[in-house]
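Only one structure is covered here, and it is reproduced in the block below.
The values are calculated or read from the model by the stated rules, or taken from the named source; none is laboratory data. Quick caveat, the model's predicted, so the values are computed rather than measured. Cβ sites come from the backbone with ideal geometry, for glycine too, and all protein chains shown count toward neighbours. Ligands, DNA and RNA are stripped out before the accessible areas are found, and what is left, the full protein with its side chains, is counted by its heavy atoms. Shrake-Rupley method; radii C 1.70, N 1.55, O 1.52, S 1.80 Å.
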Amino acid sequence: ALGWRTELLVNGRWVAARSDDQLSVVSPRDNSVVGCVGAASAEDVDDAVRAARAAFDDGRWADRTPSERGRTLIRFASLIERDAEELALRISLEVGKPVRDALQVELAAVVRCLRWYGEIADKITDETLPTGPDSLGLVTRGPAGGVGAVVPWNFPLTMTAWKLGPALVAGNSVVLKPAEQTPFSALELGALALEAGLPEGVLNVLPGRGPVAGEALGRHPDVDVLTFTGSVAVGRAFQRYAAESNGKRVWPELGGKSGSVILPDADIEKAARTTAWGCFYNSGQMCSASSRLIVHRDVADEVVAFAVAEAERMTPADPLDWDAPLGPVVSEHALERVLAHARRAVEQGATVAYGSVDRYDIGTGTGAYVRPMVLTGVTPDMSIAQEEVFGPVLSVLVVNDVDEAVRVANDTRFGLAAALWTNDLSAAHRVSRRLRAGTVWVNCFEEGGMSLPFGGVKASGFGRDKGAHAMDKYSDMKSTWIELAQ
Ligand code: NAP
Ligand code: MG
């Protein structure tokens, strides 16, 4: 049996939350209570930020050599790998993610990420600038100090690792607030960091409510950097908290409404199936979900047929079933929201080519399940083409030429990702240059190792995770000018 931690991790110790508020985690798998955990109050946040500050100021982590920090991160990654099955099971129970995906996709990504940052710890270089014979100009980077990290539940530990890897390897101290749905997996991660030898106070983990603990972190005067992944509204709130407190740096990585453009010369089956998969995977709870399939009229019927076949293949099942292609969405509330989006689309003129605007029963009579939906006849003015559904609903938009495809793809306030399917080399380059998105995938979707940054433009925010570039988010740049004596 799994034990469930109920306390906060502050300054390397497990402490009870100061208020009586509790988070009760309900599994969308069967609507049963997974467990309860103390919710951090603003006072708990203050304790944790003070601990993080003290740990930073005395150099217990920041003054270690980069390679020592790197080795600790690599140890951390190995311990997560050791406990991956247990962590995957926790995530599967917390959010209903299929346990195989939790293990083979989510945990694998966490391990890869922390190991990658551990490995580059001592391979980041600073700069010497040519300032002439009588001086020496240096540009060096050091840790920013105290980092607040507020993350969502859809890839709870992957999003956390994307923040912790670069923040910790750069020498910062971190206070992490996981989403309300995923406190238990986050607390276990904190325990493994301690076991790996991360000094006390360098990683504090505070389950809590967004408008309480999240806001307190966002407004804390001793937090230097606030890194956030989540919705547009909350990302904007963090920018406001920063403006109204100490002007801390905020890195928002927000939602999306990514378009996948299929040109007639593409490998149609692969393009259609991969786009549909990219929309339905993780029950559509993906910031980068390919929720808009933008297809040339000549191949639209064929594409829809393959998308429907993919939807049929991805029928939800119990997430603890190893072969489940999809689990439930994260909660009953989320289910109602997804169905309301779909019903509105139908009212506005879309057709349900596959799926249903009603909940789905996997045979247990409970749980927040919905079958993937393929909606045809969608036009750019419909709300389903503009709003992030965060559920398995694919909108098919038919276009007449490449220019219209690009116009439709860019006709959204978001700009997280886009995809393009063509075998024409010049079209691949020309169209991908015109797509306004932080990531463009050509003839694939959701690909990418650790070395390329991930993030958006426009309302999707401007933070970038992954890659060496992410280190800059958690570093301060210093210019040192040294005058040389004769
Ligand atoms: P969310 O509601 O914005 O919540 C994200 C985090 O912010 C949670 O920890 C949440 O705490 C906290 N929060 C909520 N309200 C707050 C407030 N008033 N002040 C401070 N913190 C607050 O997002 P979500 O529903 O968890 O996640 C889905 C969103 O994340 C989608 O829009 C998705 O596109 C985006 N996302 C983006 C990326 C990316 O890389 N760009 C990746 C994954 C997801 P509670 O748990 O208490 O609400
Ligand atoms: Mg939330």
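Is it the case, given these coordinates, that Phe414 is at pLDDT 95 or above, under 26 Å from Leu339 (Cα atoms) and within 23 Å of the chain's Cα centre (by Cα)? Even if it seems obvious, please write down each step before you answer.
Numbers: at pLDDT 95 or above: yes; under 26 Å from Leu339 (Cα atoms): yes; within 23 Å of the chain's Cα centre (by Cα): yes.
Spelling it out, Phe414 is indeed at pLDDT 95 or above, under 26 Å from Leu339 (Cα atoms) and within 23 Å of the chain's Cα centre (by Cα).
If you check Ala109 against the conditions, is it assigned to a helix (DSSP H, G or I), open to solvent by less than 20 Å² (accessible area, probe 1.4 Å) and more than 13 Å from Ser185 (Cβ to Cβ)?
On the way: assigned to a helix (DSSP H, G or I): yes; open to solvent by less than 20 Å² (accessible area, probe 1.4 Å): yes; more than 13 Å from Ser185 (Cβ to Cβ): yes.
Answer is yes for this residue.
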Would you point out the residue of region 177-226, among those that are of a type in the set (D, E, K, R) and near ligand 1 (Cβ under 10 Å from one of its atoms), that is farthest from Glu106 (Cα to Cα)? Arg219
Do you know which of the residues in region 143-167 that are more than 9 Å from ligand 1 (Cβ to nearest atom) and out of contact with any helix residue (DSSP H, G or I) (no Cβ under 6 Å at 6 or more places or on another chain) is farthest from Gly3 (Cα to Cα)? Pro143
Applying the selection to region 325-337, what residues are under 14 Å from Val105 (Cα atoms) and surrounded by fewer than 24 Cβ atoms within 10 Å (Cβ to Cβ)? Pro325
Just give me the residues in region 227-241 being within 14 Å of Phe462 (Cβ to Cβ) and over 15 Å from the mean Cα position of the chain (by Cα), in sequence order. Arg236, Phe238, Gln239
Can you name every residue in region 209-233 that is open to solvent by 60 Å² or more (accessible area, probe 1.4 Å) and either of a type in the set (A, V, I, L, M) or at pLDDT below 95 (or both)? Val212, Ala233
Tally, over region 234-262, of residues that are open to solvent by 10 Å² or more (accessible area, probe 1.4 Å), away from ligand 2 (no atom under 15 Å from the Cβ) and among the hydrophobic types (A, V, I, L, M, F, W, C): 3
Mind checking which pairs have a first residue in region 272-286 that is farther than 10 Å from Leu326 by Cβ and a second that is open to solvent by less than 10 Å² (accessible area, probe 1.4 Å) and hydroxyl-bearing (Ser, Thr, Tyr), Cβ under 6 Å, 6 or more apart or different chains? Thr275/Ser260; Thr275/Ser290; Gly278/Ser290; Cys279/Ser290
Failed item in (1) within 16 Å of ligand 2 (Cβ to nearest atom); (2) open to solvent by 40 Å² or more (accessible area, probe 1.4 Å); (3) polar (S, T, N, Q), with Thr125 passing the rest: (1)
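Filter region 391-413 for residues that are assigned to a loop (DSSP other than H, G, I, E, B) and open to solvent by less than 10 Å² (accessible area, probe 1.4 Å) and give the result. Before you say what the answer is, go through the steps one by one.
Within region 391-413, the first condition is being assigned to a loop (DSSP other than H, G, I, E, B), and the residues that meet it are 391-392, 400-401, 411-413.
Matches in region 391-413: Gly391, Pro392.
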Could you tell me whether Arg273 is near ligand 1 (Cβ under 10 Å from one of its atoms) and open to solvent by 20 Å² or more (accessible area, probe 1.4 Å)? no
Top-ranked residue of region 143-157 - restricted to ones that are part of a loop (DSSP other than H, G, I, E, B) and not hydrophobic (A, V, I, L, M, F, W, C), ranked as farthest from ligand 2 (Cβ to nearest atom): Gly145
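Any chance region 449-465 includes a residue that's at pLDDT 95 or above, surrounded by 15 or more Cβ atoms within 10 Å (Cβ to Cβ), in a loop (DSSP other than H, G, I, E, B) and in contact with a His (Cβ under 6 Å, 6 or more places away or on another chain)? Show your work before the answer.
Narrowing region 449-465 to residues at pLDDT 95 or above: 450-465.
Checking which are surrounded by 15 or more Cβ atoms within 10 Å (Cβ to Cβ) leaves us with 450, 453-456, 458-465.
Among the residues that remain, those that are also in a loop (DSSP other than H, G, I, E, B) are: 450, 453, 456, 462-463.
Applying the additional criterion that residues be in contact with a His (Cβ under 6 Å, 6 or more places away or on another chain) yields 453.
Checking region 449-465: at least one residue is at pLDDT 95 or above, surrounded by 15 or more Cβ atoms within 10 Å (Cβ to Cβ), in a loop (DSSP other than H, G, I, E, B) and in contact with a His (Cβ under 6 Å, 6 or more places away or on another chain).
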Taking into account only those residues within region 61-83 that are in a loop (DSSP other than H, G, I, E, B) and out of contact with any Ser or Thr (no Cβ under 9 Å at 6 or more places or on another chain), which is least open to solvent (accessible area, probe 1.4 Å)? Asp83
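For region 311-321, how many residues meet the condition of being within 23 Å of Thr274 (Cβ to Cβ) and open to solvent by 10 Å² or more (accessible area, probe 1.4 Å)? Steps first, answer last, please.
Initial filter on region 311-321 (within 23 Å of Thr274 (Cβ to Cβ)): 311-317, 319.
When the remaining residues are screened for being open to solvent by 10 Å² or more (accessible area, probe 1.4 Å), the result is 312-313, 315, 317.
The qualifying residues number 4.
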Among the residues of region 420-436, are any within 20 Å of Gly230 (Cα to Cα) and touching a Ser or Thr at 6+ places or on another chain (Cβ under 7 Å)? no
Filter region 342-371 for residues that are in contact with a strand residue (DSSP E or B) (Cβ under 7 Å, 6 or more places away or on another chain), under 27 Å from Pro156 (Cα atoms) and open to solvent by less than 30 Å² (accessible area, probe 1.4 Å) and give the result. Ala342, Tyr369, Val370
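Somewhere in region 188-211, is a residue touching a residue at least 12 places away in the same chain (Cβ under 8 Å), assigned to a helix (DSSP H, G or I) and within 13 Å of ligand 2 (Cβ to nearest atom)?
The first filter runs over region 188-211 and keeps only residues touching a residue at least 12 places away in the same chain (Cβ under 8 Å), leaving 188-210.
With assigned to a helix (DSSP H, G or I) added as a condition, the list becomes 188-195, 210.
Still in the list and also within 13 Å of ligand 2 (Cβ to nearest atom): 210.
Yes: one or more hits.
Going through region 180-191 one residue at a time, which ones are open to solvent by 10 Å² or more (accessible area, probe 1.4 Å) and of a type outside the set (S, T, N, Q)?
Filtering region 180-191 down to residues open to solvent by 10 Å² or more (accessible area, probe 1.4 Å) leaves 180-181, 188, 191.
The answer is Glu180, Glu188, Ala191.
Looking at region 27-41 only, could you name the residues that are surrounded by fewer than 17 Cβ atoms within 10 Å (Cβ to Cβ) and either under 15 Å from Leu189 (Cα atoms) or in contact (Cβ under 8 Å) with a residue 40 or more places away in the chain (or both)?
Filtering region 27-41 for residues surrounded by fewer than 17 Cβ atoms within 10 Å (Cβ to Cβ) gives 31-33, 36.
Scanning region 27-41 gives a single hit, Asn31.
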